[in-house]
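Inspection log for the structure reproduced underneath, given as structure tokens.
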Amino acid sequence: MPSVADALLVLFGTAVVASVVLAPLRRVVPWLGMALAVASGSYLALFRIPRLEHLALGFLLGHALVGVSLCLVSLSLRQARMVPSLISGALSAWAARPGIVLHYLMIAAYEECVWRVAVQGRLGASCGAIILTSLLFTSAHFRLRRAPVMVTIDLLLFSIVLGYLFTVFQAVYLLIVVHLVRNVDLSYLEGAISSAPSRYRSGPTSCGSSPH
């Protein structure tokens with residue numbers, strides 16, 4: 001007999017898909033996500049003590065995925081050259097504006113508990129489960145918004161990477177740190193690139209990707 005969590009999973013997935021064309025459902029999806037997290041107990045993963053190696057790996061992977069995003073969205077390897085210098089600026093921004101870090105930390109914790117631990121955790125560890133979760137994740141972020149194709153592909157691939165990491169490590173804090181670092185870096189890079197010297201730009205649009 002299906003559990004409450006299974007019923008909420010179906011309802012949540014249906015709401016995400018429907019929200020692509022029915023704008024009012026956008027407000028319902030986060031609440032259904034929280035209900036799913038509670039019913040499935042996925043939030044309990046936050047009470048586990050994180051391992052230092054997972055935090056370090058997440059920090060490195062988060063920065064690396066920023067470089068991948070810039071190259072993928074711009075279709076140019078030249079964008080990756082700016083990452084070391086701009087990441088140093090992003091780290092300074094972390095220290096100067098901890099409120100932004102806390103904001104993205106809460107978003108990352110919520111999304112990973114819902115999407116990876118609750119949704120993917122109940123769908124299974126197969127490639128199909130990772131891809132289905134990632135498609136729903138991408139749909140929930142863009143909805144009716146017309147995003148460039150490469151930005152959509154970038155977010156989909158990012159979600160697939162997170163799904164793979166969850167399957168391999170089963171460590172929610174690793175996912176949260178990767179998600180947090182990428183979002184904070186992209187948030188800073190978007191602002192920095194918009195006012196950066198021309199050498200940081202390779203075309204009409206600078207970064208194109210955005211934090212999610």
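The values are calculated or read from the model by the stated rules, or taken from the named source; none is laboratory data. Treat the numbers as computed from the prediction; the structure is a model and nothing was measured. Cβ: placed from backbone, ideal geometry, glycine included. Neighbour counts: every protein chain shown.
Considering each of Gly128, Gly124 in turn, give the residue that is at positive phi and surrounded by fewer than 20 Cβ atoms within 10 Å (Cβ to Cβ).
Unique residue meeting the criteria: Gly124.
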### Message
Quick check on segment 33-43: of everything there that is aliphatic (A, V, I, L, M) and under 16 Å from Gln120 (Cβ atoms), which residue is surrounded by the fewest Cβ atoms within 10 Å (Cβ to Cβ)?
### Response
Ala39
#### Entry: Total residues in segment 18-58, condition of a type in the set (Val, Ile, Thr) and either closer than 16 Å to Glu112 by Cβ or at pLDDT 90 or above (or both)
4
### Task
Spot the failing condition for Thr205; the list is (1) at pLDDT 95 or above; (2) outside any helix (DSSP H, G or I); (3) of a type in the set (Val, Ile, Thr), and only one is missed.
(1)
### Query
Looking at (1) farther than 20 Å from Leu52 by Cα; (2) surrounded by 15 or more Cβ atoms within 10 Å (Cβ to Cβ); (3) free of Cβ contacts under 8 Å to residues at least 60 places away in the same chain; (4) not hydrophobic (A, V, I, L, M, F, W, C), which is the only condition His141 fails?
(3)
#### Entry: Single match in Leu186, Leu102, Leu132 (criterion: within 25 Å of Trp31 (Cα to Cα) and modelled with pLDDT under 95)
Leu102
